[in-house]
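**Q** To start, I am sharing the structure in question, which I have written as C-alpha cells.
The values are calculated or read from the model by the stated rules, or taken from the named source; none is laboratory data. In this text the structure is predicted, and so the values were computed from the model without any measurement. Backbone-built Cβ (ideal geometry, glycine too); neighbour counts: all protein chains shown.
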Amino acid sequence: MSRAAAEALTLPLAEIGRLLRAGETSPPALAEAALAGLATAGRALNAVAALLPERAAAEAGRAEAELRAGIDRGPLHGIPYGAKDLFAARGAPTTWGAAPFKDRVLDADAAVVEALAAAGAVLVAKLATVELAGGFGYNHPDAAWTGPGRNARDPERWAGGSSSGSGSAVAAGLVPFALGSETWGSITNPACLNGVVGFRPTYGLVSRRGAMALSWTMDKIGPLARTADDCRSVLVAIAGADPEDPTTLLARPIQPDERRSGFRFAVLRGATEGVELEVATNFRASVDLLSAFGDIEEIDLPDLPYDEAAAVVIQAEAAAAFEEFIASGAARRLTAPEDRYGLLDGLTLPAVDYLRALRVRRVAGRALDATLVPFDAVVAPTQPKVAPPLAEQFDSFAEGSETRSLGAAGNLCGLPAATVPNGAGRLGLPTGLELMGRAGSDGTVLAAAAAFERALADRDGAERGGGSSQGGRRHESG
C-alpha cells in the first residue's frame, strides 16, 4: 500500500482530485490504499460488511483510463468510497446488518450506487450498519452481525447508528466519503459522534431504489464526508428524479448558494438544556461564530408532538415492511435480544394512530415552514452527549434535550440538515452543530455549514497562532 495514497484519502475531495489530475496519485492506488485500510483498521472498528476488491479494481482502472484520455466526470472521478450495507451492489453481499441476510447477494445496483458509478467514483466496500437500520428498537451498540460499531476517536465507544460503519470509516481516514441513510438521526448521529460532516437531504431529493425500506415516508439517503463542500459534491451526483422512485419525481435541482456571509440563523430556544457541559460550551461558542457572518434570533419550534408522531409512523411502516420477516420467525435470529421481538407491537398498532400521526405531520410541515421562512437555518447541538461507552445501554441517550425534538421535527417533515464538528467534549470526543433548513433549501444549508467551517478554522488557527488554549477545543476534520 502506498503511504502517499493512504494519506491522500484523508484530504478533502478537491485536493484528492488535484493530485489525481496532476498524476501524483492514481485511482488504482487510492482504491488499494482504501481496501488495505478497511481490511485492517476498518475491520477493527467493525465498520466493514464486505470488501469489494474486484469491483474496485475494475472501476478504478476505468477511471484511470478515462482521466488519462481527458475524460473528466467531475469531482468524484477516481475517488474511492463506501456504501452503507442497506444499498444493493451488484454481486456483493447486501445484508442490512442482519444475520438472517448475511449470505444474500443481489444482482442489481441501488440508484445511488449507479449514480456514483456514472460520476466515476470507485466503490470499495459495503460498510456496516445497525441491523435493519435500527428499526426493531435496539438499545445497545451490539446490534449487528458485524459486531458493535466502534468509534474512530475511541474504539471503546459507540460509532453511532445506524450508519455506524460510514461514520467511523470516514473519520478514520479509510475512505474520503461514504453513503448513509437516515429515518431519524442515522446520518447526523454517527457523523457527530465520530467528528465528520453528515448531510440529510430533503425527502424525495435522492432516489431510494435498491435501498432497504424502513419507513417509506421518512427514509432519506445522504453523504458523510470531511467537509460540507465534499457533501455537496456527493449530493449533486446522487440527487435527482428517478421514474422508479415516485417520491423523487418532484425533485428540483440543488440551488447553488455561494454566500460566505449574510445568513440568517435561528437558535433553538432551550437548545443547551439537558446537554453535557462541553456540548453546551461548544454550542455557545458556535453561535458566537455564526453571529460573525449572519444574523441571530432565538426561536421556539411550533408546539407539536413531533417525537410521538415520528415514532408512530416509523413503527407502523416498519412493521408493514417486515411483516413477513416477523411472521416467519426470522426475527428471532437477530443479534440484539430486544430486536427479536421489537416490532411485534407494530403489527397491532391501530390504523387510527397511524392516520393521526400523518395528520400531525401535515400540520407540522406547514407550521415549521412558516416558522423557518425568515431564516436560512435553525441551529442546535446535534447530540446532547458525546459518544457513550460500548458497555452502556443508551435508551436515555438523548432524553431531556431539545435536540431530539429538532431531529424528530426535521425527519418527520423531510427537512434537510447538516451536522458539522464544532469542537470536543469529554476525553476529546467530538461534538457537533446541526443546521436545519426549509424543504428544498439543501444548497443553502450546505453553504451555511461551509461558512461555519471556515469561521471555525480561522478561529482555531488564530488561537494556535496566539498560543491560546482556551476551552481545549479542536476542530475534528477526519
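**Q** Quick one: what pairs do we get from segment 220-245, first residue touching a residue at least 24 places away in the same chain (Cβ under 8 Å), second surrounded by fewer than 24 Cβ atoms within 10 Å (Cβ to Cβ) and among the acidic types (Asp, Glu), C-beta under 7 Å, 6+ apart or different chains?
**A** 227/453; 228/453
Yes/no per residue for (1) surrounded by fewer than 19 Cβ atoms within 10 Å (Cβ to Cβ); (2) closer than 19 Å to residue 406 by Cα; (3) touching a residue at least 24 places away in the same chain (Cβ under 8 Å):
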{"site": "296", "(1), (2), (3)": "yes, yes, yes"}
{"site": "305", "(1), (2), (3)": "yes, yes, yes"}
{"site": "308", "(1), (2), (3)": "yes, yes, yes"}
{"site": "312", "(1), (2), (3)": "no, yes, yes"}
{"site": "324", "(1), (2), (3)": "yes, no, no"}
{"site": "337", "(1), (2), (3)": "yes, no, no"}
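**Q** Please go through segment 435-478 and give me each residue that is farther than 20 Å from residue 425 by Cα, outside any loop (DSSP other than H, G, I, E, B) and at pLDDT below 85, ordered by number.
**A** 465
**Q** Report yes if residue 34 is crowded, with 20+ Cβ neighbours inside 10 Å, hydrophobic (A, V, I, L, M, F, W, C) and either out of contact with any helix residue (DSSP H, G or I) (no Cβ under 7 Å at 6 or more places or on another chain) or within 17 Å of residue 146 (Cα to Cα) (or both), otherwise no.
**A** yes
**Q** Give me the pairs, please: first residue somewhere in segment 443-457 and within 22 Å of residue 201 (Cα to Cα), second residue anywhere and among the polar types (S, T, N, Q), beta-carbon distance under 6 Å, and either six or more positions apart or on two chains.
**A** Final answer for the pair search is 443/255.
**Q** Related question: Which condition from (1) part of a helix (DSSP H, G or I); (2) of a type in the set (Val, Ile, Thr); (3) within 22 Å of residue 205 (Cα to Cα) is the one that residue 378 breaks?
**A** Evaluating residue 378 over (1) part of a helix (DSSP H, G or I); (2) of a type in the set (Val, Ile, Thr); (3) within 22 Å of residue 205 (Cα to Cα) leaves (1) as the failure.
**Q** Taking the residues in segment 246-255 that are without any contact (Cβ under 8 Å) to a residue 60 or more places away in the chain and surrounded by fewer than 16 Cβ atoms within 10 Å (Cβ to Cβ) as candidates, determine which candidate is farthest from residue 447 (Cα to Cα).
**A** Residue satisfying both the conditions and the ranking: 246.
**Q** Is it fair to say residue 217 is closer than 17 Å to residue 186 by Cα, surrounded by 22 or more Cβ atoms within 10 Å (Cβ to Cβ) and of a type in the set (S, T, N, Q)?
**A** No.
**Q** Something else: Looking at (1) in contact with a strand residue (DSSP E or B) (Cβ under 7 Å, 6 or more places away or on another chain); (2) surrounded by fewer than 18 Cβ atoms within 10 Å (Cβ to Cβ); (3) without any contact (Cβ under 8 Å) to a residue 60 or more places away in the chain, which one does residue 264 not meet, given that it meets all the others?
**A** (3)
**Q** Would you call residue 208 of a type in the set (Lys, Arg), modelled with pLDDT of 95 or more and over 21 Å from residue 95 (Cα atoms)?
**A** no
**Q** Are any of the residues in segment 340-361 aromatic (Phe, Trp, Tyr), within 18 Å of residue 138 (Cα to Cα) and in a loop (DSSP other than H, G, I, E, B)?
**A** Yes; the residues of segment 340-361 include at least one that is aromatic (Phe, Trp, Tyr), within 18 Å of residue 138 (Cα to Cα) and in a loop (DSSP other than H, G, I, E, B).
**Q** Then there's this: Can you find even one residue in segment 3-23 that is in a loop (DSSP other than H, G, I, E, B), surrounded by fewer than 23 Cβ atoms within 10 Å (Cβ to Cβ) and hydroxyl-bearing (Ser, Thr, Tyr)?
**A** Checked segment 3-23: at least one residue is in a loop (DSSP other than H, G, I, E, B), surrounded by fewer than 23 Cβ atoms within 10 Å (Cβ to Cβ) and hydroxyl-bearing (Ser, Thr, Tyr).
**Q** A further question on this structure: Which residue out of 278, 273, 258, 182 is surrounded by fewer than 20 Cβ atoms within 10 Å (Cβ to Cβ), touching a helix residue (DSSP H, G or I) at 6+ places or on another chain (Cβ under 9 Å) and within 20 Å of residue 406 (Cα to Cα)?
**A** 273
**Q** I'm checking my understanding of the structure. Among residues of segment 339-363 that are modelled with pLDDT of 95 or more and of a type in the set (Asp, Glu), which one is surrounded by the most Cβ atoms within 10 Å (Cβ to Cβ)?
**A** Once the filter is applied, the top-ranked residue is 339.
**Q** Can you tell me which residue within segment 96-113, out of those that are over 20 Å from residue 317 (Cα atoms) and within 19 Å of the chain's Cα centre (by Cα), is surrounded by the most Cβ atoms within 10 Å (Cβ to Cβ)?
**A** Looking at residues that are over 20 Å from residue 317 (Cα atoms) and within 19 Å of the chain's Cα centre (by Cα), I get 112.
**Q** Let me ask something additional. Could you look through segment 403-452, keep only residues that are closer than 23 Å to residue 310 by Cβ and of a type in the set (D, E, K, R), and pick out the one that is nearest to the chain's Cα centre (by Cα)?
**A** The selected residue is 434.
**Q** Ok, one more. Are any residues in segment 411-436 closer than 22 Å to residue 261 by Cα and surrounded by fewer than 24 Cβ atoms within 10 Å (Cβ to Cβ), and if so, which ones?
**A** none
**Q** For residues that are out of contact with any helix residue (DSSP H, G or I) (no Cβ under 8 Å at 6 or more places or on another chain) and surrounded by 24 or more Cβ atoms within 10 Å (Cβ to Cβ), scanning just segment 127-140, find the one that is farthest from residue 61 (Cα to Cα).
**A** Top of the filtered list is 134.
**Q** Helices (runs of 4 or more DSSP H) wholly in segment 26-137 with at least 3 residues that are more than 19 Å from residue 230 (Cα to Cα) - which ones?
**A** 27-37, 53-68
**Q** Please go through segment 185-208 and pick out each residue that is within 23 Å of residue 391 (Cα to Cα), assigned to a loop (DSSP other than H, G, I, E, B) and over 10 Å from the mean Cα position of the chain (by Cα).
**A** Across segment 185-208, the qualifying residue is only 195.
**Q** Restricting to segment 257-300, name every residue that is touching a Ser or Thr at 6+ places or on another chain (Cβ under 7 Å), assigned to a loop (DSSP other than H, G, I, E, B) and modelled with pLDDT of 95 or more.
**A** 293, the sole residue that qualifies.
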